[in-house]
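Report on the structure given below.
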């Protein structure tokens, strides 16, 4: 078990304990991970347990006990992977539609995580017992580029890049209807729907809402749908799908948010992924061609 010690300085007076720790440790750990440490009684302030909302004071001594990574209990599965790039630190995958990134609920097999465990061997619980190596995710019916980490240092570094929004991500989507503006910026807060927590929605009143920003530009307009390129300033759950549905142009094939016609999957593809390699510090950028079923719809030119 790793132990870290900090002393609160004057400029941090009155800051929440969880926020202070994330900042003081230079985003080495996510706020959710810090919260789990606090709830698990692995954080002491002057030898006493405190809540995440505790306001720190100058001169206080804070001790963090970092548990060993959780053991992996998931079954490795020989599921084919479309590997775009791989080295000793990370792997970039072109994920097909129809496969979940990580287990959830009773779904503990047939996921990208199961495939990574088989391909990479022991991932030592990187990122949590059910999400070894996973830094970010794509929805089950969304295809495209995704990076996974092979060790803790790489996971922390890449997670920090996503948090600091230095990762380059571009998506292509086919959406219902004709988008009038050539370029646009959608800035609308998102929260889980109270009566169905599997669905997200635009909300201004929910206290749990999170700011979300999606930028888009029109690539081409067809008879009854539009091809868009999208980039994200934030990375909320279902963000692109919720934002586009809210402005009246849901992603084609998105059964959850209002456009079932056209495809049996979401017409949404993560086409570009760029980041700084955690070891070499060089910027790496990858691109992925649109899947055949999306290309076929484009060639057809109508729903």
Region 219-231, residues that are buried (at least 19 other Cβ atoms within 10 Å of the Cβ) and within 21 Å of the chain's Cα centre (by Cα): 228, 230
Hits in region 239-257 - residues which are modelled with pLDDT under 95 and surrounded by fewer than 17 Cβ atoms within 10 Å (Cβ to Cβ): 255
Residue check, residue 208 within 20 Å of the chain's Cα centre (by Cα), over 30 Å from residue 90 (Cα atoms) and not in a strand (DSSP E or B): yes
Test: residue in region 282-302 that is touching a helix residue (DSSP H, G or I) at 6+ places or on another chain (Cβ under 7 Å), crowded, with 18+ Cβ neighbours inside 10 Å and not in a strand (DSSP E or B): no
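Matching residues to (1) without any contact (Cβ under 8 Å) to a residue 40 or more places away in the chain; (2) in the same structural domain as residue 157 (by TED's automatic domain parsing); (3) touching a helix residue (DSSP H, G or I) at 6+ places or on another chain (Cβ under 8 Å); (4) within 27 Å of residue 281 (Cα to Cα):
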residue: 6; (1), (2), (3), (4): no, no, yes, no
residue: 10; (1), (2), (3), (4): no, no, no, no
residue: 31; (1), (2), (3), (4): yes, no, yes, yes
residue: 46; (1), (2), (3), (4): yes, no, no, no
residue: 77; (1), (2), (3), (4): no, no, yes, no
residue: 96; (1), (2), (3), (4): no, yes, no, no
Residues of region 48-84 classified as surrounded by 14 or more Cβ atoms within 10 Å (Cβ to Cβ) and within 30 Å of residue 288 (Cβ to Cβ), total: 7
Selected residue [part of a loop (DSSP other than H, G, I, E, B), under 16 Å from the mean Cα position of the chain (by Cα), buried (at least 17 other Cβ atoms within 10 Å of the Cβ) and in contact (Cβ under 8 Å) with a residue 12 or more places away in the chain] from 156, 169, 236: 236
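The values are calculated or read from the model by the stated rules, or taken from the named source; none is laboratory data. Since we're looking at a predicted model, the values are computed, not measured. Positions of Cβ are generated from backbone atoms using ideal geometry, with glycine treated the same way; all protein chains shown enter the neighbour counts.
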